[in-house]
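*Asks:* Here you go, one structure.
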Amino acid sequence: MAKFPRVLMIAIATAMAAAVAPSVARAQDEPAAAPAAQPAVRQIIVNGNQRVEADTVLSYMVLQPGQVATQQAINLSIQTLFATGLFSDVRIEDRGETVIVFLQENPIINRVILEGNRAMRDNRITDEIQAQPRAIFTRARVQADVQRIIEVYRRAGRFAVTVNPRIVELPQNRVDLIFEISEGPVTGVRRINFIGNAAFSDRRLRREVVTRESRWWRFFSSNDNYDPDRLEYDRELLRQYYHDRGYADFRVVSAVAELTPDQSGFYITFTVDEGDIYNFGEISVRSEIPDLSSDLLRSMLPLRTGELFRGSRIESGVESLTYAAGAAGYAFVNIRPMISRDRATRTVDVEFVVDQGPRVYIERIDIIGNTRTLDYVIRREMELVEGDAFNRALIDRSRNRVRRLGFFEDVTIEESPGSAPDRARVAVTVTEQPTGELAFGAGFSSIDQFMVDLSITERNLRGRGQFVRFRVSSSSRRQQVDIRFTEPRFLNRNLAAGFEVFHVRSDFAREASFQTVTTGGGFRAGFPMTLSTEMALRYFLRTDDVTVFAGANPSLLAQAGSRVTSVGGYTLRWDRTNDPINPTRGFVLEFSQDFAGIGGDVRYMRTETNAAIYRGLWRDVVASFTLSSGFIMGWGGDSVLINDRFFKGGNNFRGFEFAGIGPRVVIRDPDTGELRGGDALGGRAYAIGTLEVTFPLGLPEQYGIRGSVFTEFGTLGLLDDTDRIAEGTGFAAFTVDDLSPRLSAGVSIFWDSPFGPIRFDFAEAFIRETYDRREFFRFSQRREF
């Protein structure tokens with residue numbers, strides 16, 4: 001506990017001295033009652049002070065040397081000294097020209113000890129109480145802390161808690177403060193009842209409030225404990241629920257919690273008055289800002305005359321108008337919705353009043369919380385600088401750009417008034433998150449294949465925003481080493497540039513009876529074209545050495561040999577999502593092409609497209625639909641080599657192994673006529689769609705566990721004629737390439753574990769061919785540091 005503010009004590013003493021002075025003056029004007037006047041104080045002696053300096057004690061007192069020691073001045077001095085909280089006892093003796101102050105200081109708290117708190121961590125209690133080590137001990141403050149501890153336990157549902165404070169005296173006027181806590185049982189919620197509800201059942205309304213009835217399976221949640229603050233929040237949730245369904249007059253008359261006699265649970269009763277259902281009546285906007293047209297603002301409102309009244313639409317309307325005003329440079333407008341109910345027609349008229357505000361310019365931009373990332377890395381993502389007119393749209397875009405960096409757990413941008421009415425300060429507050437990453441991936445296939453992947457990545461090298469990755473991957477069929485580096489602002493321009501070198505050994509013996517060794521490198525560059533579109537350019541030069549195992553089919557034997565590939569390409573990306581990290585609405589489109597044949601031995605053109613649409617369904621439930629397709633064709637008389645074809649499955653088509661679908665060398669069973677799969681050949685064309693719904697699992701948010709259901713569908717195929725082997729041409733094996741559709745469905749679980757994000761996929765292939773290779777379970781893990 002900090003000492004009583006000295007400046008405040010001086011102010012109190014001055015006020016009290018001023019109050020005493022008229023009395024002294026009157027006493028001097030009256031006829032003397034004694035033969036001699038009382039002498040003035042020459043000296044004030046302080047006794048008993050150990051930590052507090054004597055001069056500090058004198059500064060707190062009303063009585064000062066040179067004044068007459070009246071009884072009123074002595075009493076006021078005693079009161080001011082007690083008010084500091086530094087002393088447990090104060091006594092003042094008047095000995096004529098000398099005044100002696102006897103003090104007994106309050107002890108200092110050496111330690112704060114909690115005993116008996118098994119259900120509550122120490123820091124949850126110590127953060128609430130005032131008693132801290134090296135603070136001053138007073139009994140009044142200890143009693144206040146006892147009440148705070150009781151309140152903490154009551155919020156956790158333990159209403160039978162008792163707290164007994166105890167002190168242990170130590171040398172040098174110190175004490176150990178001990179809180180002995182008897183927690184008692186958890187007091188749950190036996191039943192939640194509603195009175196007055198006719199439109200919605202009790203069961204429906206129970207789902208809208210946060211408080212839950214106690215059940216044995218809710219051991220992860222504390223919402224089934226009674227909390228008075230949560231009860232007030234439940235009242236607001238009920239109001240929002242009814243207001244969003246047309247009940248403009250709805251109100252919660254009372255919310256009563258009754259404790260059972262054995263103190264084991266509460267009965268909570270909400271008494272509600274639903275009222276009538278209303279529709280929106282006249283919707284209008286009155287703008288006091290000349291630059292903003294009322295008609296234009298009216299068109300931005302999500303409210304329409306004749307629609308069912310919804311309270312959330314009014315709040316959305318205020319947000320829309322605030323955004324529009326901010327985009328026009330008016331940062332601190334006041335938008336007031338004026339609501340008028342017509343009970344006869346059961347309509348609600350709403351007029352939004354937009355008050356005049358000054359045009360605001362940015363005076364200063366402060367970057368807060370960047371303990372590692374350098375300031376300029378954040379500032380270069382801002383679309384506003386000091387001196388620009390305040391623009392809400394640019395502020396929001398700047399926040400998304402900073403979040404898109406991936407360096408921060410949270411990014412907030414807040415404005416505050418500046419040094420003048422037309423000036424504003426902008427504070428960009430960031431919370432750093434780990435940008436180094438130790439990634440580990442593993443997967444299980446239907447025939448017990450195990451794969452591991454290890455990489456070390458730093459996305460924010462030395463706080464400069466640079467990207468570097470060193471990756472080592474090893475599995476039964478693939479070993480890979482690659483190094484990648486990217487400078488996001490090459491030559492201090494809005495141009496990302498980087499390079500990559502790699503060495504990859506792939507063994508497709510089980511899938512396709514061949515292996516490849518690829519060594520190469522390349523350069524990449526990317527730059528924005530508009531606010532939502534960007535282009536990436538790339539060039540790679542690599543050597544591919546393909547080895548085909550003995551006994552392979554003739555179409556594969558022709559692929560063997562060493563070749564040099566020189567390939568350049570580009571990617572166009574159009575991103576119109578509302579959030580770069582967790583989008584809930586909008587879309588993303590990508591179109592890329594690669595052209596091989598600028599030198600080298602290989603000639604082809606590859607085209608791929610990717611599209612994704614996101615839509616928030618309800619709260620944290622988000623639906624997404626993604627569609628990807630690709631096509632590759634040789635030119636100059638070349639066919640497409642097997643190492644350049646598309647192989648799908650695994651992560652990009654759950655329910656199937658990698659290379660588990662598409663054209664394949666097969667053998668027909670002579671008895672059953674069933675096709676048995678052999679080597680996978682890949683394909684020149686594919687199309688895969690995914691429909692997925694992601695949702696929370698109802699567990700506390702701090703556990704970081706979410707789930708999703710998905711279905712994936714698509715096809716892969718279209719070989720060159722030279723790579724096909726027809727059935728009945730003298731070979732036992734032949735190729736199948738019919739672009740037959742596949743479909744799978746399953747569930748995924750995402751867990752932000754202490755070891756990094758983990759994903760579990762469970763999928764079943766429902767539409768498939770007999771020669772496809774399936775995979776039911778796959779998991780991947782990534783560790784950040």
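*Asks:* Using beta carbons and a limit of 9 Å, which pairs, at least six apart or on different chains, have the first residue in segment 162-179 and free of Cβ contacts under 8 Å to residues at least 12 places away in the same chain and the second one of a type in the set (D, E, K, R) and open to solvent by less than 70 Å² (accessible area, probe 1.4 Å)?
*Replies:* Every condition considered, the pairs that remain are Val168/Asp176.
*Asks:* Can you pull out the residues in segment 659-674 that are open to solvent by 20 Å² or more (accessible area, probe 1.4 Å) and at pLDDT 80 or above?
*Replies:* Answer for segment 659-674, where residues must be open to solvent by 20 Å² or more (accessible area, probe 1.4 Å) and at pLDDT 80 or above: Ile667, Arg668.
*Asks:* Among residues belonging to segment 410-439 that are assigned to a strand (DSSP E or B) and modelled with pLDDT under 85, point out the one that is most open to solvent (accessible area, probe 1.4 Å).
*Replies:* As a first pass, look at segment 410-439 and keep what is assigned to a strand (DSSP E or B): 410-417, 423-432, 436-439.
Right, trim to modelled with pLDDT under 85 and you get 436-439.
Numbers: Gly436: 0, Glu437: 26, Leu438: 63, Ala439: 13 Å².
So, considering only residues that are assigned to a strand (DSSP E or B) and modelled with pLDDT under 85, the one most open to solvent (accessible area, probe 1.4 Å) is Leu438.
*Asks:* What about Ile339, is it open to solvent by 60 Å² or more (accessible area, probe 1.4 Å) and either at positive phi or not acidic (Asp, Glu) (or both)?
*Replies:* yes
*Asks:* Restricting attention to segment 659-693, which residues are assigned to a strand (DSSP E or B) and without any contact (Cβ under 8 Å) to a residue 40 or more places away in the chain?
*Replies:* Within segment 659-693, no residue meets the criteria.
*Asks:* Now for a different question. Do we have Thr711 as open to solvent by 20 Å² or more (accessible area, probe 1.4 Å), among the hydroxyl-bearing types (Ser, Thr, Tyr) and either modelled with pLDDT of 85 or more or farther than 30 Å from Val666 by Cβ (or both) here?
*Replies:* It is true that Thr711 is open to solvent by 20 Å² or more (accessible area, probe 1.4 Å), among the hydroxyl-bearing types (Ser, Thr, Tyr) and either modelled with pLDDT of 85 or more or farther than 30 Å from Val666 by Cβ (or both).
*Asks:* Which one is least open to solvent (accessible area, probe 1.4 Å) among residues in segment 617-630 that are over 13 Å from Pro696 (Cα atoms) and free of Cβ contacts under 8 Å to residues at least 60 places away in the same chain?
*Replies:* The residue in question is Gly630.
*Asks:* Could you check, for segment 180-203, whether at least one of its residues is open to solvent by less than 20 Å² (accessible area, probe 1.4 Å), part of a strand (DSSP E or B) and within 19 Å of Asn123 (Cβ to Cβ)?
*Replies:* Looking through segment 180-203, at least one residue is open to solvent by less than 20 Å² (accessible area, probe 1.4 Å), part of a strand (DSSP E or B) and within 19 Å of Asn123 (Cβ to Cβ).
*Asks:* Still on this model: Tell me the residue from Ile92, Ile100, Ile149, Ile125 that is closer than 24 Å to Arg42 by Cα and surrounded by 19 or more Cβ atoms within 10 Å (Cβ to Cβ), please.
*Replies:* Answer to the check: Ile92.
*Asks:* Going through segment 255-267 one residue at a time, which ones are surrounded by 15 or more Cβ atoms within 10 Å (Cβ to Cβ) and out of contact with any Leu (no Cβ under 7 Å at 6 or more places or on another chain)?
*Replies:* Leu259, Ser264, Gly265, Tyr267
*Asks:* Look through Asp737, Asp721 and report the one residue that is modelled with pLDDT under 90, acidic (Asp, Glu) and open to solvent by 60 Å² or more (accessible area, probe 1.4 Å).
*Replies:* Checking each option against the conditions leaves just Asp721.
*Asks:* Scanning for something at pLDDT 85 or above, of a type outside the set (A, V, I, L, M, F, W, C) and under 30 Å from Arg139 (Cα atoms), does segment 37-48 turn up at least one residue?
*Replies:* Yes: segment 37-48 contains one or more residues that are at pLDDT 85 or above, of a type outside the set (A, V, I, L, M, F, W, C) and under 30 Å from Arg139 (Cα atoms).
*Asks:* State which residue is modelled with the lowest pLDDT when the search covers only segment 373-391 and only residues that are closer than 24 Å to Ser532 by Cβ and touching an Asp or Glu at 6+ places or on another chain (Cβ under 9 Å).
*Replies:* Of the residues in segment 373-391, the ones closer than 24 Å to Ser532 by Cβ are 377-385, 388-391.
Checking the rest, the ones that are also touching an Asp or Glu at 6+ places or on another chain (Cβ under 9 Å) come to 390-391.
Working: Phe390: 82, Asn391: 79.
So, considering only residues that are closer than 24 Å to Ser532 by Cβ and touching an Asp or Glu at 6+ places or on another chain (Cβ under 9 Å), the one modelled with the lowest pLDDT is Asn391.
*Asks:* While we're on this one: For segment 555-571, which positions are surrounded by 15 or more Cβ atoms within 10 Å (Cβ to Cβ), in a strand (DSSP E or B) and not β-branched (Val, Ile, Thr)?
*Replies:* Arg563, Ser566, Gly568, Gly569, Tyr570
*Asks:* Select from segment 236-266 the residues that are modelled with pLDDT of 90 or more and more than 17 Å from Ser312 (Cβ to Cβ) and list them in ascending order.
*Replies:* Answer for segment 236-266, where residues must be modelled with pLDDT of 90 or more and more than 17 Å from Ser312 (Cβ to Cβ): Arg251, Val252, Val253, Ser254, Ala255, Val256.
*Asks:* Looking only at segment 385-409, how many residues end up being closer than 19 Å to Pro421 by Cα and crowded, with 17+ Cβ neighbours inside 10 Å?
*Replies:* Qualifying residue count for the region: 3.
*Asks:* Specify the residue that is modelled with the lowest pLDDT; the eligible residues are those in segment 329-353 that are in contact with an Asp or Glu (Cβ under 6 Å, 6 or more places away or on another chain) and under 17 Å from Leu301 (Cα atoms).
*Replies:* Asn334
*Asks:* For the subset of segment 580-602 comprising residues that are among the β-branched types (Val, Ile, Thr) and in a loop (DSSP other than H, G, I, E, B), which member is surrounded by the fewest Cβ atoms within 10 Å (Cβ to Cβ)? Steps first, answer last, please.
*Replies:* First, the residues of segment 580-602 that are among the β-branched types (Val, Ile, Thr): 581, 584, 588, 598, 602.
Retained after the next criterion (residues that are in a loop (DSSP other than H, G, I, E, B)): 581, 584, 602.
Working: Ile581: 10, Thr584: 17, Val602: 21.
Step by step, filter segment 580-602, then rank; the result is Ile581.
*Asks:* Let me ask you something else. Of all residues in segment 48-101, how many are without any contact (Cβ under 8 Å) to a residue 12 or more places away in the chain, out of contact with any strand residue (DSSP E or B) (no Cβ under 6 Å at 6 or more places or on another chain) and not in a helix (DSSP H, G or I)?
*Replies:* 2
*Asks:* While we're looking at this one, here's another question. Asp638 passes all but one of (1) in a loop (DSSP other than H, G, I, E, B); (2) open to solvent by 30 Å² or more (accessible area, probe 1.4 Å); (3) at pLDDT below 85; which number fails?
*Replies:* With respect to (1) in a loop (DSSP other than H, G, I, E, B); (2) open to solvent by 30 Å² or more (accessible area, probe 1.4 Å); (3) at pLDDT below 85, Asp638 is out only on (3).
*Asks:* I would also like to ask the following. Under the condition of being among the hydrophobic types (A, V, I, L, M, F, W, C) and modelled with pLDDT of 90 or more, which residue from segment 680-707 is surrounded by the most Cβ atoms within 10 Å (Cβ to Cβ)?
*Replies:* Ile688
*Asks:* Given the structure, is Arg42 charged (D, E, K, R) and on the phi > 0 side of the Ramachandran plot?
*Replies:* So Arg42 does not fit the description; no.
*Asks:* Moving on to the next point. Would you check which residues across segment 701-752 are in a loop (DSSP other than H, G, I, E, B), farther than 22 Å from Lys648 by Cβ, touching a residue at least 24 places away in the same chain (Cβ under 8 Å) and aliphatic (A, V, I, L, M) and list them?
*Replies:* Ala732
*Asks:* Within segment 41-72, can you find the residues that are polar (S, T, N, Q) and within 29 Å of Asn173 (Cα to Cα)? Lay out the reasoning, then the answer.
*Replies:* Of all residues in segment 41-72, those polar (S, T, N, Q) come to 43, 47, 49-50, 56, 59, 64, 67, 70-72.
Selection gives Gln43, Asn47, Asn49, Gln50, Thr56, Ser59, Gln64.
*Asks:* With the requirement that a residue be under 26 Å from the mean Cα position of the chain (by Cα) and in a loop (DSSP other than H, G, I, E, B), what does segment 337-373 give you?
*Replies:* Selection gives Gly369, Asn370, Thr371, Arg372, Thr373.
*Asks:* In the list Val209, Val163, Val252, which residue meets the criterion of being touching a strand residue (DSSP E or B) at 6+ places or on another chain (Cβ under 8 Å), buried (at least 16 other Cβ atoms within 10 Å of the Cβ) and either under 28 Å from Val112 (Cα atoms) or charged (D, E, K, R) (or both)? Show your work before the answer.
*Replies:* Values: Val209 fails: either under 28 Å from Val112 (Cα atoms) or charged (D, E, K, R) (or both); Val252 fails: either under 28 Å from Val112 (Cα atoms) or charged (D, E, K, R) (or both).
One residue alone meets the criteria, Val163.
*Asks:* Quick one: is Phe625 within 18 Å of Tyr539 (Cβ to Cβ), of a type in the set (Phe, Trp, Tyr) and in a strand (DSSP E or B)?
*Replies:* So Phe625 fails the test.
The values are calculated or read from the model by the stated rules, or taken from the named source; none is laboratory data. Just so you know, these numbers come straight off a predicted model, no measurement behind them. Neighbour counts are summed over all protein chains in view; Cβ atoms, including those assigned to glycine, are modelled from backbone coordinates with ideal geometry. Remember, those area values only see protein heavy atoms, side chains included, never the ligands or the DNA or RNA. Shrake-Rupley method; radii C 1.70, N 1.55, O 1.52, S 1.80 Å.
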